[in-house]
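The values are calculated or read from the model by the stated rules, or taken from the named source; none is laboratory data. Just so it is clear, the structure is predicted and the values come from calculations on it, not from any experiment. Here the Cβ positions follow ideal geometry from the backbone for every residue, glycine too, while neighbour counts run over all protein chains shown.
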Amino acid sequence: MAPAGAKGAPRRPGRLGVLGWPVAHSRSPAMHRAAFAALALEGWSYQLLPVPPELFTETVRALPAAGFVGANVTVPHKHAALALADNASAAAREIGAANTLTFEPDGTISAENTDAPGMIAALGFDPAGADAVVLGAGGTARSAVWALRAAGAHVAVWNRTPERARSLEQAFGARLIERPEPADLLLNCTTVGLDDGLSKSENTLQSLGLDTDLLGSYATVVDYVYGSRETLLLAAARGLGVNVVDGRAILAEQGALSFELWTGLPAPRAVMARAVVEGSS
């Protein structure tokens, strides 16, 4: 799968940020600030942009006048980001969600999805021919299903609301399942685990339709949720000897692709990944 976007001539510096609700947990500011410092880029900044859904479109359209040249987009705005864009990449259109917006000099808004290639890169192996179970049906799940199908994997989708998952079946040929089942790959694309209120791994597993025996049947478990430490889902999987992919690794990979779109420069991936883990700013 070709990475989203392409590096070209360096773009004009300006403000960047991440739009979400909630967004206080995001490590994106630390990651991008570390990249600016590593490349000695002046005039660039990156900040949190907490925006409720009802104010999303109004806020985004006001950003260019405030000096913004781009923004990342996280839960729950990825569908809305694509809808308001003036133009979008083929991948973003096919996925139906965008996580990266670029405010062009002519005033247009361009949408891209770096989640999909970022996840494949974070896996560290080719998923062609693998059986994968995706939990969730939102914008993140759509990018995961699209990426896996494009890479040649066989994908099944489970969501607590089956009607929401049906669009993934229709759009990408994913198979709907009534409950999670054994597979090579399990990907948590829900927000379960984002709330520290779930203090026991058993509660987390139950919320995802899993149990310990089923979790131990997967070769690799991917959790898009991330925080200051490994999520309860990944800790439980690791304890069972399962290979795990942390959401922080996905964040670093998709962030590097966004960085290259905005700056036109090769991203310092090792620096960005380290900043995500350390949480430095």
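Annotations
- When L265 is tested against (1) farther than 20 Å from L135 by Cα; (2) assigned to a helix (DSSP H, G or I), just one condition goes unmet, and that condition is (2).
- For the criterion of being of a type in the set (D, E), within 14 Å of M119 (Cα to Cα) and in the same structural domain as G124 (by TED's automatic domain parsing), D223 passes.
So that you can scan it fast, the table gives a plain yes or no per residue for (1) free of Cβ contacts under 8 Å to residues at least 40 places away in the same chain; (2) part of a loop (DSSP other than H, G, I, E, B):
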position: D213; (1), (2): yes, no
position: R238; (1), (2): yes, no
position: G241; (1), (2): yes, yes
position: Q254; (1), (2): no, no
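- Residues of segment 237-268 that turn out to be surrounded by fewer than 18 Cβ atoms within 10 Å (Cβ to Cβ) and under 15 Å from N99 (Cβ atoms), as a count: 0
- Segment 42-56: number of residues that are within 15 Å of W262 (Cα to Cα) and exposed (fewer than 14 other Cβ atoms within 10 Å of the Cβ): 2
- Any hit, segment 57-79, residues being among the acidic types (D, E) and surrounded by 21 or more Cβ atoms within 10 Å (Cβ to Cβ): no
- For first residues located in segment 166-180 and farther than 17 Å from A92 by Cα, partners that are among the aromatic types (F, W, Y) and lie 6+ apart or on another chain with Cβ distances below 8 Å form the pairs L176/W158; I177/W158; E178/W158; R179/W158; P180/W158.
- When segment 32-61 is filtered for residues that are aromatic (F, W, Y) and within 19 Å of R269 (Cα to Cα), the ones remaining, listed by number, are F36, W44, Y46.
- Residue that is modelled with the highest pLDDT [pool: residues in segment 112-164 that are among the basic types (K, R) and out of contact with any helix residue (DSSP H, G or I) (no Cβ under 7 Å at 6 or more places or on another chain)]: R160
- Taken residue by residue, segment 226-236 has at least one member that is surrounded by 15 or more Cβ atoms within 10 Å (Cβ to Cβ), among the aliphatic types (A, V, I, L, M) and touching a Gly at 6+ places or on another chain (Cβ under 8 Å).
- Tally, over segment 104-132, of residues that are buried (at least 24 other Cβ atoms within 10 Å of the Cβ) and more than 16 Å from the chain's Cα centre (by Cα): 1
- Lone qualifier among S207, S167, S199 - being among the hydroxyl-bearing types (S, T, Y) and either at pLDDT 90 or above or in contact with a strand residue (DSSP E or B) (Cβ under 8 Å, 6 or more places away or on another chain) (or both): S207
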